[in-house]
Amino acid sequence: MNIEEFQTYCLAKPGVTEGFPFDDVTLVFKVMGKMFALTGLGKEEFTVNLKCDPERALDLREEYPEIIAGYHMSKKHWNTVSFEGTLRDDFLMELIDHSYNLVVKGLKKADREFLKNQPTSTDLKPK
């Protein structure tokens with residue numbers, strides 16, 4: 001999955017916006033104003049920080065060398081994932097979905113209900 005496919009996949013999710021709240025090279029994706037993914041555009045390697053359930057985060061780090069504790073993030077709740085390694089696109093999409101769903105789960109009920117009524121695009125998955 002390249003950066004354009006990643007961006008398209010994230011933006012296809014209900015309630016997602018993108019922006020540069022920290023600087024002009026850190027692209028951040030938020031759902032209802034809450035961050036679920038970020039990547040540095042000025043880096044040599046394409047990596048993405050994704051939110052993750054703490055227990056699952058540890059398991060993933062043990063199993064996959066492409067997944068490490070979140071760089072400049074809470075090591076308990078965030079992983080940095082290399083998108084240039086051997087991880088398959090469908091697995092990367094599942095990690096993005098997991099991050100998005102964790103954030104949505106923590107939203108106010110009214111915001112979760114709002115998202116349920118938003119259109120989704122399931123046809124934008126990378127091949």
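Descriptive notes on the structure:
- Test result for SER82, among the hydroxyl-bearing types (Ser, Thr, Tyr) and closer than 23 Å to GLY15 by Cβ: no
- Among the residues of the range 55-68, the one identified as assigned to a strand (DSSP E or B) and either of a type in the set (Lys, Arg) or within 22 Å of VAL104 (Cβ to Cβ) (or both) is ILE67.
- Residue check, GLU84 in a loop (DSSP other than H, G, I, E, B), over 13 Å from the mean Cα position of the chain (by Cα) and under 15 Å from GLU5 (Cα atoms): yes
- Whichever residue in the range 76-112 is charged (D, E, K, R) and surrounded by 15 or more Cβ atoms within 10 Å (Cβ to Cβ) and, among such residues, is modelled with the lowest pLDDT: ASP111
The values are calculated or read from the model by the stated rules, or taken from the named source; none is laboratory data. Worth saying up front: this structure is predicted, and the values here are computed from it rather than measured. Note that each Cβ is placed from the backbone with ideal geometry, even for glycine, and that neighbours are counted across all protein chains shown.
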